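Everything below concerns the one structure shown next.
The values are calculated or read from the model by the stated rules, or taken from the named source; none is laboratory data. These numbers come from a predicted model, not from an experiment. With ideal geometry, Cβ positions are generated from the backbone for all residues, glycine too; neighbour counts draw on all protein chains shown. Keep in mind that these areas ignore ligands, DNA and RNA; they rest on the heavy atoms of the full protein, side chains included. Shrake-Rupley method; radii C 1.70, N 1.55, O 1.52, S 1.80 Å.
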Amino acid sequence: MNNARVVESKFIKSAQSINDSLPEDMSEVVFLGRSNVGKSSTLNGLTQRKNLAKSSSTPGKTQLINFFETRYIYNEKDYPVRFVDLPGFGYARVSKTLKEVWQKNLVEFIEKRVSIRVFIHLRDARHPKAKIDEDVENYISEFIRADQLYITVFTKYDKLNQKERAKLKKDFPKSIKISNLKKDGYERVHNQILKAIFGLEELS
Ligand SMILES: Nc1nc2c(ncn2[C@@H]2O[C@H](COP(=O)(O)OP(=O)(O)OP(=O)(O)O)[C@@H](O)[C@H]2O)c(=O)[nH]1
Ligand SMILES: [Mg+2]
């Protein structure tokens, strides 16, 4: 059987809030997590595009809600979805007012956007128990709908040694581990996305 793969992904627009976002006419996969965790890099890795979403070693690179129309092919059929790259949580180096506006806009988007079908919560494999991530997980669990999937994806897995890898697997057995440096671990992410949105149950 063929693997699912992304054959096309293109930037459509940036929005500041839910109010100036695209119409809710397509299933969406949102990438959320702390600043610098690798949201934009993961989106680039999944779509096999080097600089589709702007990534940077300076935290706070992504400041708007960015929409990317993406097309999968699986068993010769097309599966369109929209990837949404979000600004990071907890970026401190902007003015307080701006931070509050961002957070408010983000919170509203995450809670109210009907077209969101998958939340991909990216967490840094080196800090698996960060309080802010536990807070985000609990927060999403409060309003997540039956037609939405939440998955935990650990980035920067390449930075762990064998012992740390074993511990992470043991502590978070259901999580997915990826490396955007090595371009590794994406298959399970693709499968979960397609399974959740299109009900392709044969994907694991
Ligand atoms: N070693 C390693 N570095 C990574 C990985 N993923 C991302 N990075 C690096 O981490 C830095 C931040 O990546 P981004 O993708 O810009 O992170 P982001 O979450 O989009 O950041 P903001 O937009 O600022 O919130 C960049 O220098 C990336 O090259 C990974 O899996 N392994
Ligand atoms: Mg980013």
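Between R71 and D184, with labels modelled 7 Å along Cα→Cβ, what's the label distance in nm to one decimal, could you check?
3.2
Under a Cβ-Cβ cut-off of 13 Å, what is the net charge of the residues other than F68 that fall near it, where Lys and Arg count +1 and Asp and Glu count -1?
Details: positive: K10, K13, K39, R49, K54, R71, R82; negative: E8, E28, E69, D85.
Value of the local net charge: +3.
Is it possible to state the helix-based mean residue ellipticity at 222 nm for the chain, with each DSSP H run of 4+ residues giving -39500 (n - 2.57), the sum divided by total residues, to the nearest 500 deg cm²/dmol? What is it?
Rounded to the nearest 500, the figure is -9000 deg cm²/dmol.
Rounded to the nearest percent, how much of the accessible area of segment 153-204 (1.4 Å probe, protein heavy atoms only) is carbon and sulfur? Intermediate results must be reported in sequence, preceding the final value.
Details: 1600 of 3120 Å².
C and S atoms contribute 51 percent here.
Which of the GluC sites (Glu not before Pro) found in segment 1-30 are loop residues per DSSP with 14 or fewer other Cβ atoms within 10 Å of their Cβ?
Details: sites: E8, E24, E28; in loops: E24.
Within segment 1-30, the qualifying GluC sites (Glu not before Pro) (loop, at most 14 other Cβ atoms within 10 Å) are E24.
Which of the GluC sites (Glu not before Pro) found in segment 135-181 are in a DSSP loop and have at most 15 neighbouring Cβ atoms, other than their own, within 10 Å?
E142
For segment 17-65, take the alpha-carbon Rg, divide it by the Kirkwood Rh, and send me Rg/Rh.
0.99
Mind listing which trypsin sites (Lys or Arg not before Pro) in segment 156-204 are in a DSSP loop and have 11 or fewer other Cβ atoms within 10 Å?
K174, K182
In terms of the Cα gyration tensor, with a ≥ b ≥ c the square roots of its eigenvalues, is the chain rounded because a/c is under 1.5, prolate because a/b exceeds b/c, or oblate?
Note, shape of the chain comes out rounded.
³J(HN,Hα) across segment 32-37 via Karplus (A = 6.51, B = -1.76, C = 1.60, θ = phi - 60°), whole Hz, x for Gly/Pro?
10, x, 5, 4, 6, 6
Leaving out ligands and nucleic acids, note down the accessible area per residue over segment 56-204 with a 1.4 angstrom probe, in whole Å². Don't skip to the answer; put the middle values down first.
Details: 7950 Å² over 149 residues.
The answer is 53 Å² per residue.
Most mobile of N19, N66, N44 per a Gaussian network model of the chain (Cα springs, under 10 Å)?
N19
Please tell me which of these pairs span more than 24 angstrom C-alpha to C-alpha: K163/K183; K54/K183; K131/K170; K10/K54; K163/K195? Mind dumping the intermediate values first?
Values: K163/K183 21 Å; K54/K183 17 Å; K131/K170 19 Å; K10/K54 13 Å; K163/K195 32 Å.
Checking Cα-Cα distances, K163/K195 exceed 24 Å.
Aspartates and glutamates within cross-link reach of K177: Cα-Cα under 18 Å, excluding same-chain residues under 8 positions apart?
Of all the aspartates and glutamates, those that pass the test against K177 - Cα under 18 Å, at least 8 places apart if same chain - are D124, D133, E134, E137, D158, E164, E187.
For the pair D20 and R5, how long in nm is the line joining their label points, each one 7 Å along Cα→Cβ?
In this crude spin-label approximation the distance works out to 3.7 nm.
If you take every residue apart from S14 with its C-beta less than 10 Å away from the C-beta of S14, what net charge results, scoring Lys and Arg +1 and Asp and Glu -1?
-1
Based on the Kirkwood radius over alpha-carbon pairs, what is the Stokes-Einstein translational diffusion coefficient of segment 97-204 at 4 °C with 1.567 mPa s viscosity, in µm²/s?
Values: Rh = 15.4 Å.
So the translational diffusion coefficient is about 84 µm²/s.
Given the Cα-Cα distance of Y150 and R165 and 0.36 nm per residue of separation, how much length would full extension add, in nm?
3.2 nm
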